[in-house]
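The next block holds one structure in the form of structure tokens; read it before the comments.
The values are calculated or read from the model by the stated rules, or taken from the named source; none is laboratory data. Keep in mind it's a predicted model, so treat the numbers as computed, not measured. With ideal geometry, Cβ positions are generated from the backbone for all residues, glycine too; neighbour counts draw on all protein chains shown. Just so you know, the surface numbers come from the protein's heavy atoms only, side chains and all, with ligands and any DNA or RNA stripped out. Shrake-Rupley method; radii C 1.70, N 1.55, O 1.52, S 1.80 Å.
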Amino acid sequence: MTDYSYPAPTMSPDTRPAPSRYGQTALRWLLFTLLGLFALFYLMPLFVMVTTSLKSLEEIRSGSLVAFPRDVTFEAWRTAWSGACTGIQCEGLRPYFWNSVLLAVPAVLISSFLGAANGYVIAQWNFRGANLIFSAMLFGCFIPFQVVLLPMARMLGLMGLAGTIPGLIFAHVIYGIGFTTLFFRNFYVTIPSDLVKAAKVDGAGFFRIFWSIFLPLSLPIIVVTVIWQFTQIWNDFLFGVSFSQAGTQPITVALNNIVNSTTGIKEYNVDMAAAIIAGLPTLLVYVVAGKYFIRGLTAGSVKGLMQ
Amino acid sequence: MTPILDIQNLSKNYGAVQILNDVNVAIDPGEFLVLVGPSGCGKSTLLNCIAGLEPISGGAIRIGGRDMTQVSPKDRDIAMVFQSYALYPTMTVAKNITFGMKVRGVDAATQAQKLAEVARQLQIEPLLNRRPGQLSGGQRQRVAMGRAVVRDPKLFLFDEPLSNLDAKLRVSMRSEIKKLHQNLGATMVYVTHDQIEAMTLATKIVVMKGGVVQQIGSPAEIYNHPANLFVADFMGSPAMNLIPARTRRQGDDVQIEIARAEGALVVRQASYGHDRPADVILGLRPEDIVEAGFRSGATVQAAKCRIDLVEPAGADTYVVSELGGKQVTARLHAETKAQPGAMLDLAFDLAKVSFFAPDTGERLN
Ligand SMILES: Nc1ncnc2c1ncn2[C@@H]1O[C@H](COP(=O)(O)OP(=O)(O)OP(=O)(O)O)[C@@H](O)[C@H]1O
Ligand SMILES: [Mg+2]
């Protein structure tokens, strides 16, 4: 691509009357205080969750909601992980956590890969009806989950996948393809078509060009897609509760069951620990790949990305 | 000798829009063909058709005598350099150059040897481990050339390879491409909209406009005998003067009158065919209008003209005068005493004159 060099922005001399030194400092303090308050407001629930999960039940009943724990105990975490009751079974979140992993990892990988392939075809191989297909896929993004529940259940039944993890994977892959295709397509249309032409002259075919040229330069958009899909699939409740049965339920469903189980006393510390465990993987993905996420979201708008 | 490239009655449509119309071009081995024309005239499209990157709508393309209609780009024995260079962004320079060989399954030893050869030839050895993003424009250009040269094809296709470079680099790369052509003895098709590039590089020029070939010829033919007003105006800088005039017949002799503010300028012209119209457009290049006394001969005629503008350009000085309602540029030597607003004796070398029909724009002589 052409190099576009922009002239460096020239600063015009500041002609505003300089505020007094004192006023400036005050303004800055005000700003930081405000920002600090907002941050506190956002962190409060997390704080309450973490502290509550580290308290014993007696302490919760006797103390205040926002106090630090007097004696830190991981008992609630242990219970949440391997002892809490989800209905009649009392195995904690562990089996469901692995269900979710077994569900989310393949579903994310498959839907991202299919999205990349679709996006590549739609963006770089002009064929009759490409726009129509893309529009149809976009439309798929906006169909509410509720609408597909019954048809999907029927279809999974016909395929013999009802109530299984592969069935859930299938549902998530189908539902995710619209979004992943959108992401990759929008990324690939910014790539000059000369690249494909050059590779064709070099003798590379459809798949070779995809593997050797397009996938390697897709890292930013792969990260965006993976984070998006992982968050969607891991946090999904509706598909999970509709298309699973005892033993194949994902962690969100199990969490709901723990929190809502009516037998015995309400163990807030266990509920909080369980909720944190259920949310941890998505948090982890953001922490690990977050900076690529921002980069990937803005990638298409940056001229001169290619060369 | 079978031509390396033979294009017959080629046409190309995008939907209902005709982009290329009945193109006929043939080139022999070793020729350097330049396709030149204004932006949007279909040069890149033609090149893509030759490469097989765009399907053709009619006619035939033969490379090395073989019909190419059903042949895919990789089997056409061509190499192409793109305007954007189209280097593979995630591969190093070395990988960029060897990608084609790798795809075709050439063994590693041969790849390494050819890479070294090309790197030396194009002086890109220090760059081999860099990515395209870490190269300057000129270096990228070289790498793109390397990727083509390593292929050792029957036919090179270049799509405006120099248009992204600054003026100075462009001139030096231009002569490098010319050298490359001579050293390799290769056959090349080169697209540009820069008529100076066309003149300096080509052994044969094809001038296009709106998807139609206007003229095919050697640089000298195109320059001295443009086939129509478009070619006359497009090739050459400053452009050829195109002056509306009337002719009056006096026996065998013909007088040509050019209107201007100070009264008509009348010149004689002996060799003006009988079948030609009374109104003509007279084409004369700036270098064929000089200061009186600097050129002599039977065909040189002098006339006093009012100078409107003087533009020194270093080696030459261009002066502009108004003739026939048109700005006419003359190329004088640098030490001229010409002053804006003053009268000056200019000599017109009518041996070099081109006549065009005002209605069709076709050349008459
Ligand atoms: N895919 C396409 N669909 C429709 N029209 C096209 C397509 N590609 C090119 N054109 C049209 O074909 C004409 C010729 O384009 P082409 O790229 O060959 O011009 P060019 O001579 O190479 O111009 P430039 O010097 O600007 O590169 C243009 O009018 C362009 O709008
Ligand atoms: Mg072009």
Using the structure shown, decide if B:Ala94 is at pLDDT 95 or above, open to solvent by 60 Å² or more (accessible area, probe 1.4 Å), away from ligand 1 (no atom under 16 Å from the Cβ) and in the same structural domain as B:Thr192 (by TED's automatic domain parsing).
-> no
Considering each residue of region B:139-174, count those that are open to solvent by 10 Å² or more (accessible area, probe 1.4 Å), of a type in the set (Gly, Ala, Ser) and touching a residue at least 24 places away in the same chain (Cβ under 8 Å), and give that number.
-> 1
Restricting region B:43-83 to residues that are among the polar types (S, T, N, Q) and closer than 20 Å to B:Val17 by Cβ, the one nearest to the other protein chains (Cβ to nearest Cβ) turns out to be B:Asn48
Determine if region A:216-228 includes at least one residue that is within 9 Å of chain B (Cβ to nearest Cβ) and open to solvent by less than 30 Å² (accessible area, probe 1.4 Å).
-> yes
Which one of the conditions (1) under 22 Å from B:Met145 (Cα atoms); (2) within 16 Å of ligand 2 (Cβ to nearest atom); (3) in a strand (DSSP E or B) does B:Cys49 fail to meet, given that it meets all the rest?
-> (3)
Within region B:176-208, residues within 16 Å of ligand 1 (Cβ to nearest atom) and in a strand (DSSP E or B) come out as B:Val189, B:Tyr190, B:Val191, B:Thr192, B:Ile205, B:Val206, B:Val207, B:Met208
Identify all residues within region B:48-65 that are touching an Asp or Glu at 6+ places or on another chain (Cβ under 9 Å), open to solvent by 40 Å² or more (accessible area, probe 1.4 Å) and not small (Gly, Ala, Ser); write none if there are none.
-> B:Arg62
Among strands (runs of 3 or more DSSP E) lying entirely in region B:312-356, which contain 2 or more residues that are in contact (Cβ under 8 Å) with a residue 40 or more places away in the chain and basic (Lys, Arg)?
-> B:326-333
Does region A:53-66 hold any residues that are at pLDDT below 90, surrounded by 12 or more Cβ atoms within 10 Å (Cβ to Cβ) and touching a helix residue (DSSP H, G or I) at 6+ places or on another chain (Cβ under 9 Å), and which are they?
-> A:Lys55, A:Ser56, A:Leu57, A:Glu59, A:Ile60
Among the residues of region A:156-174, write down those that are over 19 Å from A:Ile222 (Cβ atoms), of a type outside the set (A, V, I, L, M) and either open to solvent by 30 Å² or more (accessible area, probe 1.4 Å) or touching a helix residue (DSSP H, G or I) at 6+ places or on another chain (Cβ under 6 Å) (or both).
-> A:Gly157, A:Gly160, A:Thr164, A:Pro166, A:Gly167, A:Phe170
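Conditions (1) part of a helix (DSSP H, G or I); (2) small (Gly, Ala, Ser); (3) within 16 Å of ligand 1 (Cβ to nearest atom), marked per residue:
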position	(1), (2), (3)
B:Gly138	yes, yes, no
B:Gln141	yes, no, no
B:Phe156	no, no, no
B:Pro161	no, no, yes
B:Leu165	no, no, yes
B:Arg170	yes, no, yes
B:Met173	yes, no, no
In the set B:Gln111, B:Gln134, which member is within 14 Å of chain A (Cβ to nearest Cβ), free of Cβ contacts under 8 Å to residues at least 40 places away in the same chain and either of a type in the set (Gly, Ala, Ser) or open to solvent by less than 50 Å² (accessible area, probe 1.4 Å) (or both)?
-> B:Gln111
Only listed residue being out of contact with any helix residue (DSSP H, G or I) (no Cβ under 7 Å at 6 or more places or on another chain), within 14 Å of another protein chain (Cβ to nearest Cβ) and of a type in the set (Gly, Ala, Ser), chosen from A:Gly205, A:Gly264 | A:Gly205
Condition check for B:Ile177: more than 16 Å from ligand 2 (Cβ to nearest atom), modelled with pLDDT under 95 and open to solvent by less than 10 Å² (accessible area, probe 1.4 Å) = yes
Which residues, taken from region B:180-205, are surrounded by fewer than 19 Cβ atoms within 10 Å (Cβ to Cβ) and within 16 Å of ligand 2 (Cβ to nearest atom)?
-> B:His193, B:Asp194
Consider B:Gly211 against the criteria (1) on the phi < 0 side of the Ramachandran plot; (2) open to solvent by less than 50 Å² (accessible area, probe 1.4 Å); (3) within 16 Å of ligand 1 (Cβ to nearest atom): it satisfies all of them except one. Which criterion is unmet?
-> (1)
Determine the pairs where a residue that is of a type in the set (D, E, K, R), located within region B:33-48, has a partner that is more than 9 Å from ligand 2 (Cβ to nearest atom) with Cβ atoms under 7 Å apart, the partner being 6 or more residues away or on another chain.
-> B:Lys43/B:Leu35; B:Lys43/B:Gly37; B:Lys43/B:Met208
Given (1) part of a loop (DSSP other than H, G, I, E, B); (2) within 30 Å of B:Leu127 (Cα to Cα); (3) away from ligand 2 (no atom under 16 Å from the Cβ); (4) under 29 Å from the mean Cα position of the chain (by Cα), index of the condition B:Lys74 fails = (1)
Quick count over region B:344-365, residues being in contact with a Cys (Cβ under 7 Å, 6 or more places away or on another chain) and either closer than 18 Å to B:Met240 by Cα or surrounded by fewer than 20 Cβ atoms within 10 Å (Cβ to Cβ) (or both), is 1
Report, by residue number, each residue of region B:28-47 that is open to solvent by 10 Å² or more (accessible area, probe 1.4 Å) and more than 6 Å from ligand 1 (Cβ to nearest atom).
-> B:Asp28, B:Pro29, B:Gly30, B:Glu31, B:Pro38
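Inspect all residues belonging to region A:50-57 and state whether any of them is in a loop (DSSP other than H, G, I, E, B) and over 31 Å from the mean Cα position of the chain (by Cα).
Within region A:50-57 (the criterion being in a loop (DSSP other than H, G, I, E, B) and over 31 Å from the mean Cα position of the chain (by Cα)), the answer is yes, since at least one residue qualifies.
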Given the residues B:Arg295, B:Arg331, which is the only one that is on the phi < 0 side of the Ramachandran plot, surrounded by 13 or more Cβ atoms within 10 Å (Cβ to Cβ) and at pLDDT 90 or above?
-> B:Arg331
Taking region A:67-82 and keeping residues open to solvent by less than 30 Å² (accessible area, probe 1.4 Å) and not in a helix (DSSP H, G or I) leaves A:Pro69
Going through region A:233-268 in order, the residues found to be open to solvent by 50 Å² or more (accessible area, probe 1.4 Å) and in contact with a Phe, Trp or Tyr (Cβ under 8 Å, 6 or more places away or on another chain) are A:Leu238, A:Asn256
Take B:Gly15 and decide whether it is in the same structural domain as B:Lys179 (by TED's automatic domain parsing) and within 14 Å of ligand 2 (Cβ to nearest atom).
-> no
For B:Ala86, indicate whether it is within 12 Å of chain A (Cβ to nearest Cβ) and either assigned to a loop (DSSP other than H, G, I, E, B) or farther than 24 Å from B:Ile177 by Cβ (or both).
-> yes
